[in-house]
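Quick one: the structure is below, and I'll ask about it shortly.
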Amino acid sequence: MPVKEFRTPITNKPVLIGTDSGYDNIIFAIESSCDETAAAIVKNGREVLSNVVASQIKTHIEFGGVVPEVAAREHLEAINVVIEQAFKQANISANDITAFAATVGPGLVGSLLVGMNAGKALAIAHDKPFIGVNHLNAHVCANYLNTDLKPPFVALLVSGGHTQIIEVKDWLEQRIIGETIDDAVGEAYDKVARLIGLPYPGGVNLDKLAQTGKPVYKLPEAKLQNEYDFSFSGLKTASLQLIQKLKKENEILPIADIAASFQENVTSVLYKKTKKAADNINANTIVLAGGVAANSEIRKKFFALREQGYNIYAPEMKYCTDNASMIASSAYFLANTMDSLDVEVFSRMS
Ligand code: KG4
Ligand code: ZN
């Protein structure tokens, strides 16, 4: 079980963080990597004491997507209110906090800077350690919230920027089994949603529409050297060609059936590969993570595996998409190495 010694920034006092610290860890975390400004307070990595999210959806609808400069400005406007609300909701003061944490990457640099610097400032002002958190690890850790999940397990991480099958062998030991060689699933959802004229945020809108249609159109599946890798750019092109063809043939575009066909294609590819990867290493526990884990069809396909004896975890909907509770959980369970005030933001995994 992980535990790590951190130092307070002003008086340099040791503070143990992690499951073996011997006392309750109350972590205040901030998330600002993309289009949500979020703050949360979580006890011992699992018990959510407060969870506040300010969404920028309304602003980004106007632009049809996230404009980085606009997002950063919105984070600046929201951050103080969100922090205040997180303290208020939990009825906790800064003195009761064990450490402050914030996402440091991957994400939009301008947006990350707002949250990380707010976290560092709180850490300095209250003389508590600062913990920099990797956003991708945190999505997986969302599955620890309000559950008793422990490694080992296989995780399917599906977000706007990433698609990975990960073997989580132990708290701090993981291996990527497969990943996308081009677009992320969420990105493919958002692009195809735009092609059929759905508003931002595309993924959830396409999911809703798909539930009203039938998967009558056959779309291609990519064949890859590593059978656990993914590719969605061919599917995107095929979807575009299908839409163009149907536009010529029909007065009204059958968008619900197109959405259902796309959704069926994507979710069965994710399902097949993840199950095969889990079976291949004899893993009986599969966890879903990231914004696309909120998808109704993905949840349905994987939850059905419970009848075959698998343990299936997926975060509650509000913890699938970006939130700060998952950041606090990751700070606790993974007690990252990015623990000093010198840590800087980064946009991509290198
Ligand atoms: O994890 P997340 O909130 O942010 C990133 O770290 O990227 O994921 C956002 C992605 C977006 O592409 C969004 O369209 C997608 O998750 N998404 C969905 C659904 N809800 C969110 N995609 C498919 N079905 C959904 N229900
Ligand atoms: Zn995310």
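The values are calculated or read from the model by the stated rules, or taken from the named source; none is laboratory data. What you are looking at is a predicted structure, and each value in this text was computed from that prediction instead of being measured. Note: ideal-geometry Cβ built from the backbone for every residue, glycine included; neighbour counts use all protein chains shown. Side chains included, ligands, DNA and RNA excluded: accessible areas come from the protein's heavy atoms. Shrake-Rupley method; radii C 1.70, N 1.55, O 1.52, S 1.80 Å.
Count, please, the residues in the stretch 125-141 that happen to be open to solvent by 10 Å² or more (accessible area, probe 1.4 Å), away from ligand 1 (no atom under 16 Å from the Cβ) and touching a strand residue (DSSP E or B) at 6+ places or on another chain (Cβ under 7 Å).
Going through the stretch 125-141 one residue at a time, the tally reaches 1.
In addition: Would you please name the residue that is surrounded by the most Cβ atoms within 10 Å (Cβ to Cβ), looking only at residues in the stretch 31-80 that are of a type in the set (Ser, Thr, Tyr) and within 16 Å of ligand 2 (Cβ to nearest atom)?
Looking at residues that are of a type in the set (Ser, Thr, Tyr) and within 16 Å of ligand 2 (Cβ to nearest atom), I get SER32.
Would you mention how many residues in the stretch 152-174 are assigned to a loop (DSSP other than H, G, I, E, B) and more than 16 Å from ligand 1 (Cβ to nearest atom)?
3
Checking VAL140 against (1) modelled with pLDDT under 95; (2) in contact with a Leu (Cβ under 8 Å, 6 or more places away or on another chain), only one condition comes out false. Which one?
So the condition that VAL140 fails would be (1).
Which members of the stretch 132-154 meet the condition of being away from ligand 2 (no atom under 14 Å from the Cβ) and over 11 Å from SER325 (Cα atoms)?
Of everything in the stretch 132-154, those that are away from ligand 2 (no atom under 14 Å from the Cβ) and over 11 Å from SER325 (Cα atoms) turn out to be GLY132, THR147, ASP148, LEU149, LYS150, PRO151, PRO152, PHE153, VAL154.
Given the criterion more than 16 Å from ligand 1 (Cβ to nearest atom), modelled with pLDDT of 95 or more and under 15 Å from SER330 (Cβ atoms), identify the matching residue among ILE97, ILE17, ILE27.
None of the other options fit; the residue is ILE27.
Every residue, every condition in (1) within 14 Å of ligand 1 (Cβ to nearest atom); (2) in contact with a Leu (Cβ under 8 Å, 6 or more places away or on another chain); (3) β-branched (Val, Ile, Thr), yes or no:
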| residue | (1), (2), (3) |
| --- | --- |
| GLU264 | yes, no, no |
| ALA278 | no, no, no |
| LEU288 | yes, yes, no |
| GLN308 | no, no, no |
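Where the second residue is assigned to a strand (DSSP E or B) and the first is of a type in the set (Ser, Thr, Tyr) and lies in the stretch 173-186, which pairs have Cβ atoms under 7 Å and are six or more apart or on separate chains?
Listed pairs, sorted by first residue: THR180/THR163; THR180/PHE230.
Residues in the stretch 62-78: is at least one within 15 Å of ligand 1 (Cβ to nearest atom) and of a type in the set (Val, Ile, Thr)?
Within the stretch 62-78, one or more residues are within 15 Å of ligand 1 (Cβ to nearest atom) and of a type in the set (Val, Ile, Thr).
Is the stretch 275-287 home to any residue that is crowded, with 19+ Cβ neighbours inside 10 Å, on the phi > 0 side of the Ramachandran plot and more than 16 Å from ligand 2 (Cβ to nearest atom)?
No - not one qualifying residue is present in the stretch 275-287.
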